[in-house]
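Chemist: Right, I'll just put the structure down here and ask away after.
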Amino acid sequence: MVKICCIGAGYVGGPTMAVIAFKCPAIEVAVVDISVARIAAWNSDQLPIYEPGLEDIVTQCRGKNLFFSTEVEKHVSEADIIFVSVNTPTKTRGLGAGKAADLTYWESAARMIADVSKNDKIVVEKSTVPVKTAEAIEKILTHNSNGIKYQILSNPEFLAEGTAIQDLFNPDRVLIGGRETPGGQKAIQTLKEVYAHWVPEDRIICTNLWSAELSKLAANAFLAQRISSVNAMSALCEATGADVTQVSHAVGKDMRVGSKFLNASVGFGGSCFQKDILSLVYICECNGLKEVANYWKQVIQVNDYQKNRFVNRVVSSMFNTVSGKKIAILGFAFKKDTGDTRETPAIDVCKGLLGDNANLSIYDPQVTEDQIRKDLSMRKFDWDNPIHLQPMSPTVMKQLNVVWDAYAATKDAHGLCLLTEWDEFKTLDFKKIYDNMQKPAFVFDGRNIIDEQKLREIGFIVYSIGKPLDGWLKDMPAVA
Ligand SMILES: NC(=O)c1ccc[n+]([C@@H]2O[C@H](COP(=O)([O-])OP(=O)(O)OC[C@H]3O[C@@H](n4cnc5c(N)ncnc54)[C@H](O)[C@@H]3O)[C@@H](O)[C@H]2O)c1
Ligand SMILES: O=c1ccn([C@@H]2O[C@H](COP(=O)(O)OP(=O)(O)O[C@H]3O[C@H](CO)[C@@H](O)[C@H](O)[C@H]3O)[C@@H](O)[C@H]2O)c(=O)[nH]1
């Protein structure tokens, strides 16, 4: 029986390995992690991450050919194929701080593999890493090898959260990069056979190592660039009376552009886009490609601009101050169908409003109060370290109230910000909400999910990203 071990039981390691176990009953899969709490959760009825369809697969395979364990060394030493899916955060100090990927966790995993291995191994980079990382990993492994042979493969993951299981079941492509040597090609073939259990052969792309590593960073940069492009247009729409939804529909109808990923928003979030573009920028700079680095940097700058612009709209519409006013925040996760809050735009918006002394009442169907408090007190980039290294959540933050219902959040509020596109927000009883709010009552839709005309008829003053401005907002100081 082929044995697979995955180091890192996070958003990638957990779902990816669950799907491999589900699709390949003859393969034994062990997912290991240094976080005792995370492994305990994977072994319980309350999985550590919320992902539609995941629980079903895990319960079908767990204890049969899928195991979650903290016995990292044991499972690594027994495995034929080792996936490494640990955090690769942005460096917070030293050379490249604020941009470069921090490979501390990757390096410690590689050293541990070298220490405990007793037979030849295929080591697969599942984490997103800078191009050329495989070379460094190879050096660590071979310098400590005791005669054991390692083949390093790059097999980046393209799943998106909220649709992870769907994406893993039916991927646009699986990418495998390896050395162009007989040993490298054989390793590629071995991994290809795993995926071939359910992925059609023409969707499995095999490349050299560096192309695979770079393709992951490039794919995220291209996707994020589309969002920043449409968000940049949203500001111009507000200034001119154009409607960003109509513009992106018209642009996306061109088959060469395509309609996906053109939804204007309060800004993109998530653990990957910003981190991976910063890493790409750093790699370009290290290679002396200043113009290329500056091009990609703009994608992040426009995203920051979009989040700031949203906060400014809220404050300026409400008579230039939100001090002491209750503002309801509906949605805190970085997108719907996930409880993940890493780099969510809600953090920037909430911090901006708290900075102007607002009282926030927050509701998200999947995010806990503890997580929200932690997020609003954490330093930039601290979130992307293993959980046990993250700061505890502070018990007091007086301006903050986390509730378990949209109606409670909006009761007596002066304004309401929609920050995640949860389906349940589309069917709220806005008449009831309006009746229970202070007047004038404001809605700021950061996801363009509400029918602004209907809300205006109820009596709300409405701001929707990139849509023609309400008469009220037009008279307020220009902020865009
Ligand atoms: N989240 C996504 O949607 C996504 C998608 C594609 C790629 N990626 C990439 O995959 C990697 C992992 O991302 P994630 O979201 O799963 O992160 P995560 O924080 O959810 O999971 C990483 C896990 O690795 C564990 N870990 C760290 N060092 C370890 C060690 N030495 N031994 C054992 N366990 C260790 C941590 O405790 C943590 O549980 C990152 O490089 C990320 O960029 C993420
Ligand atoms: O038209 C759009 C599409 C997305 N978003 C926002 O962009 C962010 C990222 O969304 P999405 O890409 O769907 O989720 P992620 O889970 O971050 O997935 C991205 O990042 C992963 C990690 O690298 C990759 O594997 C995926 O392919 C890539 O889509 C979220 O805040 C979305 O709300 C928009 O604002 N407008």
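Chemist: Does ARG111 qualify as being under 27 Å from ILE39 (Cα atoms), surrounded by fewer than 17 Cβ atoms within 10 Å (Cβ to Cβ) and in contact with a helix residue (DSSP H, G or I) (Cβ under 7 Å, 6 or more places away or on another chain)? Steps first, please.
Modeler: Values: under 27 Å from ILE39 (Cα atoms): yes; surrounded by fewer than 17 Cβ atoms within 10 Å (Cβ to Cβ): yes; in contact with a helix residue (DSSP H, G or I) (Cβ under 7 Å, 6 or more places away or on another chain): yes.
Yes.
Chemist: Still on this structure, I have one more. (1) more than 9 Å from ligand 2 (Cβ to nearest atom); (2) open to solvent by less than 50 Å² (accessible area, probe 1.4 Å): which one isn't true of VAL230, the others all being true?
Modeler: The single condition VAL230 does not satisfy is (1).
Chemist: Where in segment 47-132 are there helices (runs of 4 or more DSSP H), lying fully within it, with 3 or more residues that are under 25 Å from the mean Cα position of the chain (by Cα)? Give the steps one after another, and end with the answer.
Modeler: Values: elements: 54-61, 72-78, 104-116.
Correct list: 54-61, 104-116.
Chemist: Being out of contact with any Asp or Glu (no Cβ under 9 Å at 6 or more places or on another chain) and either crowded, with 21+ Cβ neighbours inside 10 Å or of a type in the set (Val, Ile, Thr) (or both) is true for just one of ILE137, ILE122, ILE39, ILE81. Which residue is that? Let's see the steps before the verdict.
Modeler: Working: ILE137 fails: out of contact with any Asp or Glu (no Cβ under 9 Å at 6 or more places or on another chain); ILE122 fails: out of contact with any Asp or Glu (no Cβ under 9 Å at 6 or more places or on another chain); ILE39 fails: out of contact with any Asp or Glu (no Cβ under 9 Å at 6 or more places or on another chain).
Just a single option satisfies the conditions, and that option is ILE81.
Chemist: Return the pair list, or none, for Cβ contacts closer than 7 Å from residues in segment 220-246 that are within 10 Å of VAL302 (Cβ to Cβ) and aliphatic (A, V, I, L, M) to residues that are open to solvent by less than 50 Å² (accessible area, probe 1.4 Å) and within 16 Å of ligand 1 (Cβ to nearest atom), at least 6 apart or on different chains.
Modeler: What qualifies is ALA224/PHE268; ALA224/PHE273; ALA224/ILE277; ILE227/PHE268.
Chemist: In addition: Could you grab me the full set of residues in segment 451-476 that are assigned to a loop (DSSP other than H, G, I, E, B), free of Cβ contacts under 8 Å to residues at least 60 places away in the same chain and open to solvent by less than 70 Å² (accessible area, probe 1.4 Å)?
Modeler: So the first thing to find is which residues in segment 451-476 are assigned to a loop (DSSP other than H, G, I, E, B), and the list is 451, 459-460, 465-470, 475-476.
Checking which are free of Cβ contacts under 8 Å to residues at least 60 places away in the same chain leaves us with 451, 459-460, 470, 475.
Answer for segment 451-476, where residues must be assigned to a loop (DSSP other than H, G, I, E, B), free of Cβ contacts under 8 Å to residues at least 60 places away in the same chain and open to solvent by less than 70 Å² (accessible area, probe 1.4 Å): GLY459, PHE460, ASP470.
Chemist: Quick check on this structure: which one of ASP80, ASP56, ASP33 is of a type in the set (Asp, Glu) and farther than 26 Å from THR163 by Cβ? Spell out the reasoning first.
Modeler: Details: ASP56 fails: farther than 26 Å from THR163 by Cβ; ASP33 fails: farther than 26 Å from THR163 by Cβ.
Matching residue, one of ASP80, ASP56, ASP33: ASP80.
Every residue, every condition in (1) of a type outside the set (Ser, Thr, Tyr); (2) surrounded by fewer than 22 Cβ atoms within 10 Å (Cβ to Cβ), yes or no:
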{"residue": "ILE4", "(1), (2)": "yes, no"}
{"residue": "ILE7", "(1), (2)": "yes, no"}
{"residue": "VAL12", "(1), (2)": "yes, no"}
{"residue": "ALA21", "(1), (2)": "yes, no"}
{"residue": "GLU28", "(1), (2)": "yes, yes"}
{"residue": "VAL31", "(1), (2)": "yes, no"}
{"residue": "SER35", "(1), (2)": "no, yes"}
{"residue": "ASN43", "(1), (2)": "yes, yes"}
{"residue": "LEU47", "(1), (2)": "yes, yes"}
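Chemist: Tally time: how many residues in segment 197-206 are surrounded by 15 or more Cβ atoms within 10 Å (Cβ to Cβ) and part of a loop (DSSP other than H, G, I, E, B)?
Modeler: Residues meeting the conditions: 2.
Chemist: Also, I was wondering about something else. Counting just the residues of segment 357-375 that are among the hydrophobic types (A, V, I, L, M, F, W, C) and over 17 Å from the mean Cα position of the chain (by Cα), which one comes out surrounded by the most Cβ atoms within 10 Å (Cβ to Cβ)?
Modeler: The first filter runs over segment 357-375 and keeps only residues among the hydrophobic types (A, V, I, L, M, F, W, C), leaving 358, 360, 362, 367, 372.
The next check asks that each one be over 17 Å from the mean Cα position of the chain (by Cα); those that pass are 358, 360, 362.
Values: ALA358: 27, LEU360: 24, ILE362: 24.
The qualifying residue surrounded by the most Cβ atoms within 10 Å (Cβ to Cβ) is ALA358.
Rundown of residues vs (1) on the phi < 0 side of the Ramachandran plot; (2) in the same structural domain as VAL12 (by TED's automatic domain parsing); (3) within 16 Å of ligand 2 (Cβ to nearest atom), yes/no style:
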residue: ASN303; (1), (2), (3): yes, no, yes
residue: VAL314; (1), (2), (3): yes, no, no
residue: PHE319; (1), (2), (3): no, no, no
residue: THR344; (1), (2), (3): yes, no, yes
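Chemist: A further question on this structure: Working carefully through the options LYS307, LYS297, LYS335, find the one that is within 16 Å of ligand 2 (Cβ to nearest atom), in contact with a helix residue (DSSP H, G or I) (Cβ under 6 Å, 6 or more places away or on another chain) and of a type in the set (D, E, K, R).
Modeler: Working: LYS297 fails: within 16 Å of ligand 2 (Cβ to nearest atom); LYS335 fails: in contact with a helix residue (DSSP H, G or I) (Cβ under 6 Å, 6 or more places away or on another chain).
Step by step, each of LYS307, LYS297, LYS335 is checked, and only LYS307 is within 16 Å of ligand 2 (Cβ to nearest atom), in contact with a helix residue (DSSP H, G or I) (Cβ under 6 Å, 6 or more places away or on another chain) and of a type in the set (D, E, K, R).
Chemist: Can you tell me which of LEU153, LEU141 is free of Cβ contacts under 8 Å to residues at least 60 places away in the same chain, within 16 Å of ligand 1 (Cβ to nearest atom), touching a Gly at 6+ places or on another chain (Cβ under 7 Å) and outside any loop (DSSP other than H, G, I, E, B)? I'd like the intermediate steps shown before the answer.
Modeler: Details: LEU141 fails: touching a Gly at 6+ places or on another chain (Cβ under 7 Å).
The conditions single out LEU153.
Chemist: Among the residues of segment 283-296, is there at least one that is within 16 Å of ligand 1 (Cβ to nearest atom), surrounded by 17 or more Cβ atoms within 10 Å (Cβ to Cβ) and modelled with pLDDT of 95 or more?
Modeler: Residues of segment 283-296 that are within 16 Å of ligand 1 (Cβ to nearest atom), as a first pass: 283.
The next check asks that each one be surrounded by 17 or more Cβ atoms within 10 Å (Cβ to Cβ); those that pass are 283.
Filter again for modelled with pLDDT of 95 or more, leaving 283.
Checking segment 283-296: at least one residue is within 16 Å of ligand 1 (Cβ to nearest atom), surrounded by 17 or more Cβ atoms within 10 Å (Cβ to Cβ) and modelled with pLDDT of 95 or more.
Chemist: To continue, here is another question. Among all residue pairs at least 6 apart or on different chains, which show Cβ distances below 7 Å where the first residue, located in segment 190-209, is in contact (Cβ under 8 Å) with a residue 60 or more places away in the chain and the second is of a type in the set (Lys, Arg)?
Modeler: From segment 190-209, the pairs are HIS197/LYS23; TRP198/LYS23; LEU209/ARG179.
Chemist: Report yes if some residue within segment 171-181 is buried (at least 22 other Cβ atoms within 10 Å of the Cβ), under 27 Å from the mean Cα position of the chain (by Cα), within 16 Å of ligand 1 (Cβ to nearest atom) and not in a strand (DSSP E or B); otherwise report no.
Modeler: no
Chemist: So which of GLN166, GLN185 ends up being out of contact with any strand residue (DSSP E or B) (no Cβ under 9 Å at 6 or more places or on another chain), modelled with pLDDT of 95 or more and open to solvent by 20 Å² or more (accessible area, probe 1.4 Å)? First the steps, then the outcome.
Modeler: Details: GLN185 fails: out of contact with any strand residue (DSSP E or B) (no Cβ under 9 Å at 6 or more places or on another chain).
None of the other options fit; the residue is GLN166.
The values are calculated or read from the model by the stated rules, or taken from the named source; none is laboratory data. Keep in mind it's a predicted model, so treat the numbers as computed, not measured. Every residue, glycine among them, receives a Cβ derived from its backbone with ideal geometry; neighbour counts consider all protein chains shown. Remember, those area values only see protein heavy atoms, side chains included, never the ligands or the DNA or RNA. Shrake-Rupley method; radii C 1.70, N 1.55, O 1.52, S 1.80 Å.
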